[in-house]
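Worksheet: the structure to be examined is printed underneath.
Computed from the coordinates by the stated procedures, all read-outs in this text should not be read as laboratory data. Nothing here was measured: the structure is a model prediction, and the numbers come from that model. For neighbour counting, all protein chains shown are included, and Cβ atoms are generated from backbone atoms with ideal geometry for every residue, glycine included.
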Ligand code: SF4
């Protein structure tokens, strides 16, 4: 089958065995790969109500038909599970080379269930899996673990590992992969904690299978035709990486400051990409097969506080937001250290930073006291405190044990007033794209499968003005179309930056040409649009089966009650009546009922028989 090896690998850690299954073209054409395969597998194989940290939970690593073809930037790896933050479907991606090597094993999906009786890592090659002892790596930081595994298994092997935070079941623990010294982090949703609960320290892949392409000439034609758009669209990323967004977003008044008490600061340029590059730049980095090279290695010279200095990847925009502006921390050197600390301990920088900034505001308002924090005073603008809190969270030590549960659970302990300060959607801390300054992101986050993720609805088309960020009109359609696009794009799977800027931020003819050239199929635009819609609906059906209804498609109080107090977007927010009207329109566009549940007609229309069975 062009574009596919046609195999999935199913691993039971408890029984230490595995099965290889074959899939056919019909399934590939219906769910495409990555996100689509994971949604299908988790919907069918996970019983409703399963606890995320129980052995029954599953983790799926999946690639798509274009992975390891000449298309640029197909090295994005994809992983999905049931999240320990909100017990719902969650997926996350990471860069480097892992996805390419997974594809070369000939397994489009690797499905992991059960729990190993002792620390284990998986070595996966074309013949299946070997279960190996991870005892020497347990307790180790991510970089040391991945480097050691690569030294053991060979340079052409790739590894992704959890850090001590995942071992200790921090609810927002991540996975980290290193390729050529640069990390790729599957940050969101707590996949690292789920692996920790399975005693699984790392997954190593190694293989040499080739992916066949049906029509190489047409594919090269398409790639050439998109080259200029991709170069122009990614110039800012190439120059400064995602930190290029700090000043841009601050300029429109959408940069969260002090736990979203403000959305603009005159100090933003102190931590913007321009400043970081000027202070610390060492070299550009890229993922396998990507001409954009949005990664930058930065170097912090030795100092009394850091004797050997630090060489690490430039923090992403989201990290500068979460551990910078949200915590009122404008010290760029500390942000390099915080970023490295989170990667090494295996912590999602967004949830980590926002849980801390939430705690800082709770402390300032007297909702948290020194009794809760081990006698310590919490205050905004204290980089040393942030460094301590991150490390304590990774160790689940002292107050860090509370932070490790995430902001939603911390708020539950502190009461109603604290809940009003939460920066969460569906219990997941929000990314750095304002739900108040970008109207489309209010309805976009509220209806996102993953809540506070900016990879369901996408902010990009709001920033570039293709959808007017200041008006409510048209935003439900924006949310539906970008959510369907991300479900599709994560099934392909191509790096979002290359897709959006080179091939388009909504499903369009470029993707039709791409898929047909790789697979030899004759898909139409309508078929691809329905494919994105199908996958998003299956994720929704998964969440509805776990109890999600209209009540969960909600906004934080700050978004519905408090207009942005100052700055370029002063006065913007999403009042309750406006939001309910957006939600009604969104459900109607989706073909869901007034309570947010996909109707039987919609499921039938999309060919989601598996979800229909649950409906009846
Ligand atoms: S754009 Fe950046 S994150 Fe995406 S594949 Fe290229 S280097 Fe990796």
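Arranged from fewest to most other beta-carbon atoms within 10 Å of their beta carbon, 43, 586 become 43, 586. Here the relative contact order of segment 238-421, from alpha carbon pairs under 8 Å that lie six or more residues apart, stands at 18 percent. Remark: 31, 18 ranked as 18, 31, counting other beta-carbon atoms within 10 Å and listing the fewest first. Label reach from residue 220 (point 7 Å along Cα→C-beta): in segment 45-84, amide nitrogens under 16 Å belong to 69-72. The stretch between residue 525 and residue 152, if pulled fully straight at 0.36 nm per residue, gains 129.7 nm over its current Cα-Cα span. The peptide list 321-328, 115-122, put in order of mean Cβ contacts within 10 Å with the highest first, becomes 321-328, 115-122.
Using a ≥ b ≥ c from the Cα gyration tensor of segment 88-135 (square roots of the eigenvalues), is it rounded, prolate or oblate, where a/c under 1.5 gives rounded and otherwise the larger of a/b and b/c decides, a/b for prolate? Cα axes put segment 88-135 in the oblate bin. Annotation: peptides 224-231, 509-516, 34-41, ranked by per-residue average of other Cβ atoms within 10 Å with the highest first, follow the order 34-41, 509-516, 224-231.
Using C-alpha pairs below 8 Å separated by at least 6 residues, the relative contact order for segment 7-205 is 23 percent.
Exposure proxy ranking for 429, 44, based on other Cβ atoms within 10 angstrom of each Cβ and starting from the fewest, stands as 44, 429.
Here residue 19 and residue 609 are evaluated by their C-beta separation; at R0 = 30 Å the FRET efficiency comes out at 0.85. Taking all Cα-Cα distances within the chain, those exceeding 36 Å account for 30%. Label point of residue 293 set 7 angstrom out along Cα-Cβ; within segment 236-252, amide nitrogens under 19 Å from it belong to 236-244.
When peptides 96-109, 47-60 are sorted by average Cβ neighbour count within 10 Å, with the highest value leading, the order is 96-109, 47-60. One decimal place: the segment residue 365-residue 284 gains 24.9 nm when fully extended, by the rule 0.36 nm per residue minus the C-alpha distance. In this calculation the C-beta distance from residue 473 to residue 595 is compared with R0 = 25 Å, giving a FRET efficiency of 0.55. Classification of segment 434-615 by its C-alpha gyration tensor yields an oblate form. The axis ratio a/c (a ≥ b ≥ c) is 1.5 or more, and b/c is at least a/b. First check a/c for segment 7-205, with a ≥ b ≥ c the square roots of the eigenvalues of its C-alpha gyration tensor; if it is under 1.5, answer rounded, and if not, answer prolate when a/b is larger than b/c or oblate otherwise. Verdict is rounded for segment 7-205.
Extension gain for the segment residue 251 to residue 27, taken as residue separation times 0.36 nm less the Cα-Cα distance, is 76.1 nm to one decimal. Relative contact order, whole percent, for the chain stands at 15, derived from Cα pairs under 8 Å and 6 or more residues apart.
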